[in-house]
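Written below as C-alpha cells is the structure these notes are about.
The values are calculated or read from the model by the stated rules, or taken from the named source; none is laboratory data. Since the model is a prediction, treat every value here as computed from it, not as a measurement. Here the Cβ is made from the backbone with ideal geometry for all residues, glycine too, and neighbour counts use every protein chain on show. All accessible areas refer to the heavy atoms of the entire protein, side chains included, with ligands and DNA or RNA removed. Shrake-Rupley method; radii C 1.70, N 1.55, O 1.52, S 1.80 Å.
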Amino acid sequence: MCKFDFLTQTPIMITGRRDNYKLKGLRLRMVKHLMSLGIEDVKVLQAMLEIPRHYFVETGFEEWAYRDQAFPIASDQTISRPYTVALQTSLLKLTGREKVLEIGTGSGYQTTVLSMLSNRVYTIERQVVLFKQSNKLFADMDIFNIRNFHGDGYQGLGKRAPFDRIIVTAGANDIPQMLVDQLAPQGIMVIPVVNNDKQEMLVVTKLPNGKTSVKKVGECEFVPFLEGTVGSADLV
Ligand code: SAH
C-alpha cells in the first residue's frame, strides 16, 4: 500500500481559483478509487493527487471534476474521465526523460499530468478556443515544460520529431502513419482506435526495424479524432 502526502511539492496555485480541504479530500478519494480500479503507477497517482483537476473545468462545477466520468468543456469537447487519464499515462511507461507528444490538448489536464512525469511535452489542439484556454492555464500554473500548438494532430509535429511517446486523446479510425513515422525507435504510442463501432485502446510500440507491434488494452470512449482545425489562433 503506498502512502500519499499532499506536501511533497509546492502546491499548484492560480489566482481566481481556490483549492481547499474539501477539494483536496475529493482528490484523495478520486486517487483511492483509481487504485481500486487497478492503477498502480505511484508517480501517476501522485501527479493526479497534486494537480487540482477542478482548475480545468468551469468555476461552479468544481466537485464534478473529481467524479470518475468525462465532463463537458468548451467547443463541445470533454475532459477525459480520470480513470482514462490514469490508464493512458500508465501505459506510456514514463521514466522522466522522454519527449512526449499529446494529440488533443482539450482542457489541458492530461497535458499537466504528463508535464509532471516527463521532461518535455508537446501538445496539439484543433479547437482554437481550447488551445487559448489551456495556454493561459499552463502559464498561470507556472508550468514551463509544455509547448502547445493550435493545429491538426493528424500531421503531428514533424519539426520536433522524433518523439519517445505519443498519446492520442481522441478516437481515431486507424493508426495514422504520419504519427508512427514521428515515433522514435522503441517509442510507444497510446491511441484509441475504432473497431466495429467500438473504440479500443491500443499500445503501439515501434520496433528497432521500424515495424510496429500493436497490443489491445480494452474498450474506451473518446470524442472523435477529426482532421483539420477550427478557428484561427491569429485572428481570435
Ligand atoms: N485529454 C483531453 C481530452 C480532450 S477530448 C482532456 O482530458 O481534456 C479530445 C480533444 O481532441 C478535443 O479537445 C478535440 O478537439 C481534440 N482533437 C480531435 N481531433 C484532433 C486533431 N486532429 N488534432 C488536434 N486535436 C484534436
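When each of T105, T95 is tested for being under 20 Å from the mean Cα position of the chain (by Cα), farther than 22 Å from L137 by Cβ and of a type in the set (V, I, T), the lone residue that passes is T95. Among the residues making up the stretch 192-218, those that are touching a Pro at 6+ places or on another chain (Cβ under 9 Å) and either surrounded by 14 or more Cβ atoms within 10 Å (Cβ to Cβ) or among the charged types (D, E, K, R) (or both) are V194, Q199, E200, M201, L202, K206. Can you find a residue that is within 16 Å of the ligand (Cβ to nearest atom), closer than 19 Å to G104 by Cβ and among the aliphatic types (A, V, I, L, M) anywhere in the stretch 196-211? Taking every residue of the stretch 196-211 in turn, at least one turns out to be within 16 Å of the ligand (Cβ to nearest atom), closer than 19 Å to G104 by Cβ and among the aliphatic types (A, V, I, L, M). Of all the listed residues (M189, M178), the sole one being in a helix (DSSP H, G or I), without any contact (Cβ under 8 Å) to a residue 40 or more places away in the chain, within 21 Å of F225 (Cβ to Cβ) and touching a helix residue (DSSP H, G or I) at 6+ places or on another chain (Cβ under 7 Å) is M178. Condition check: touching a residue at least 40 places away in the same chain (Cβ under 8 Å) and β-branched (V, I, T). Does V128 satisfy that? So V128 fits the description; yes. Scanning the stretch 77-108 for residues that are closer than 13 Å to V168 by Cα and hydrophobic (A, V, I, L, M, F, W, C) gives V85, L87, L91, L92, V100, L101, I103.
All conditions in (1) more than 14 Å from the ligand (Cβ to nearest atom); (2) at negative phi hold for Q186, with the sole exception of (2). Among the residues making up the stretch 150-170, those that are within 15 Å of the chain's Cα centre (by Cα) and within 9 Å of the ligand (Cβ to nearest atom) are G153, I167, V168, T169, A170.
Residues to consider are Q155, Q133; find the one that is touching a residue at least 40 places away in the same chain (Cβ under 8 Å) and out of contact with any Lys or Arg (no Cβ under 8 Å at 6 or more places or on another chain).
Only one candidate qualifies: Q133.
Filter the stretch 145-155 down to the residues that are assigned to a helix (DSSP H, G or I) and within 19 Å of S75 (Cβ to Cβ) and list them by number.
G153, Y154
Do you know which residues across the stretch 219-236 are of a type outside the set (D, E) and open to solvent by 100 Å² or more (accessible area, probe 1.4 Å)? Passing the criteria: L235, V236.
Any chance you could count how many residues in the stretch 156-169 are outside any strand (DSSP E or B) and buried (at least 17 other Cβ atoms within 10 Å of the Cβ)? Residues in the stretch 156-169 being outside any strand (DSSP E or B) and buried (at least 17 other Cβ atoms within 10 Å of the Cβ): 4 in total.
For the stretch 22-52, taking the residues that are among the aliphatic types (A, V, I, L, M) and part of a loop (DSSP other than H, G, I, E, B), the one that is farthest from F138 (Cα to Cα) is identified as L37. You will find that of Q88, Q127, the residue that is among the polar types (S, T, N, Q) and in contact with a Pro (Cβ under 9 Å, 6 or more places away or on another chain) is Q88 and no other.
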